[in-house]
Every structure is written in structure tokens, then in C-alpha cells.
1. Can you tell me which residue among 77, 71, 99 is at pLDDT 95 or above, part of a helix (DSSP H, G or I) and more than 16 Å from residue 161 (Cα to Cα)?
2. Which of the residues that make up region 9-35 are within 16 Å of the chain's Cα centre (by Cα) and either free of Cβ contacts under 8 Å to residues at least 24 places away in the same chain or part of a loop (DSSP other than H, G, I, E, B) (or both)?
3. Scanning for something over 25 Å from residue 189 (Cα atoms), in contact with a helix residue (DSSP H, G or I) (Cβ under 7 Å, 6 or more places away or on another chain) and in contact (Cβ under 8 Å) with a residue 12 or more places away in the chain, does region 115-123 turn up at least one residue?
4. Of the residues that make up region 62-79, is at least one surrounded by 21 or more Cβ atoms within 10 Å (Cβ to Cβ), under 17 Å from the mean Cα position of the chain (by Cα), under 30 Å from residue 219 (Cβ atoms) and free of Cβ contacts under 8 Å to residues at least 40 places away in the same chain?
5. Considering only helices (runs of 4 or more DSSP H) fully contained in region 127-219, which possess at least 2 residues that are over 19 Å from the mean Cα position of the chain (by Cα) and free of Cβ contacts under 8 Å to residues at least 40 places away in the same chain?
6. Which count do you get for residues in region 215-228 that are at pLDDT 95 or above and in contact with a strand residue (DSSP E or B) (Cβ under 7 Å, 6 or more places away or on another chain)?
């Protein structure tokens, strides 16, 4: 149970966002079947309350759920702790291993972050007041360390609130399929992520808008075209995910 009323309300809010629409969970699971099969290994980086973890387990995948927020870790332990195919890792992912500050928004834990650069754009692009109440020190490991410990995943989701570049900077080999979050207010971050991936492997890209599990493009694009699309987002598009798969274009 969360330790104070703000954390409790924050977790309730996240539960509504991620579990309040059962049909969305079903659609998510169907979407990920194109990338993931039974017994595949997946990394859920920024697992939050584990809606992706739940979806991937419905497919039969094995999941490493990585999350540094204590209240979210408690939730993950309650819901997935007894599942031998889910390993909950209470850490953050970054460029180098060590300890770093993590900025917690108790009422809006979905925007808790490692990136201070995230504060201004998120305040400007959300309809509600955001406050980062506390700062905690969290253990940081790299994606390379995870690969060494658990093996190469078939899919890796990265949702870390403007810290995606730092996560990918700690990776030195290509992962077959992955996704990272983009925001209209921090598009240079997404462009840099594409550049980092392009140095690791022969990736092709597609993208989604918001929480809609449907590709915006009917076909996959090379890195140059994907970057141009992100630099000229349609009106009203504030956020979504970029997907990358190796061995395409």
C-alpha cells in the first residue's frame, strides 16, 4: 500500500489509465503478437504498473520488468511476483551503471523521470498541474548488463520519460525488435534514438500515435524517412511510440 494519500491517488490514477479499458488490453496483446511469440524473452523498461508485462504474459513470453518507483514496484510484486516467468527488477536503466537521482511525481507517477530536462515540456503539454515531489536515489544498470545476465530479448519496450537516449546509449548490440516513446515537445530526443539504433543494426521503423495500438504508416520506413516524419508531425499529435525492427530496409 502506498505510504501517503498522494501516492495512493497516483497509483489509482495509473490503474485507471492502464487497466480501466479492458478492450485496450486485448487490442494491445493482439498488436504485440506480430513481434513476440511464446517463450520469447522481453524487456519492459519503465514497466510502471505492468500493462505491457501482462499483455506479453498472455502471449506466453518471459518478461524482465524494470521499474525504479517504489510504489510501482509494490504493485508489480502484488500482481506478478508469484509468476515464475516474470522477473521484477527494481532498478533504472542508463548509459552507465551506478546510482542516480530519480524525480518522483506522486500524483502523476506516469511522468516520474530521471531527466530534469523533461520538467518544462511536460508542464507545457499537459492539461493538469505536474509536480515532482521527491527525489530518490536509484540503482542504474545498462541494457548491455541486462543482455549479459538474461540474454538477448526478442523485444524491448522503452518508456522512460525523455531518458530514452541514455537508455540506448548503454546498448552496444542490436535487439531484434524494440520501441521507444516520443513526445512532440522533445522530438530531438527521438531523432537521436533513431541515430543510435541505426549505428547498431539495419533497422526499419514505424510509429503509433498516443496509446492507439495501430501503426500510423501502412509500411515500414528507413531511418531518414522516419526522422522526417517525426519532424513534421500532424497537428494534434503530442506523443506515441516509435517501433524498430532489424533486418528490414
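The values are calculated or read from the model by the stated rules, or taken from the named source; none is laboratory data. Just so we're clear, the structure is a prediction, and the values are computed from it rather than from any experiment. Here the Cβ positions follow ideal geometry from the backbone for every residue, glycine too, while neighbour counts run over all protein chains shown.
1. On the way: 71 fails: at pLDDT 95 or above; 99 fails: part of a helix (DSSP H, G or I).
Sole residue among the options that is at pLDDT 95 or above, part of a helix (DSSP H, G or I) and more than 16 Å from residue 161 (Cα to Cα): 77.
2. Selection gives 35 alone.
3. At the first step, the residues of region 115-123 found to be over 25 Å from residue 189 (Cα atoms) are none.
No, region 115-123 contains no residue that is over 25 Å from residue 189 (Cα atoms), in contact with a helix residue (DSSP H, G or I) (Cβ under 7 Å, 6 or more places away or on another chain) and in contact (Cβ under 8 Å) with a residue 12 or more places away in the chain.
4. Checked against the condition, which is being surrounded by 21 or more Cβ atoms within 10 Å (Cβ to Cβ), under 17 Å from the mean Cα position of the chain (by Cα), under 30 Å from residue 219 (Cβ atoms) and free of Cβ contacts under 8 Å to residues at least 40 places away in the same chain, region 62-79 yields at least one hit.
5. On the way: elements: 143-150, 164-169, 187-200.
Per the criteria, 143-150, 187-200.
6. Residues flagged as at pLDDT 95 or above and in contact with a strand residue (DSSP E or B) (Cβ under 7 Å, 6 or more places away or on another chain) within region 215-228 amount to 6.
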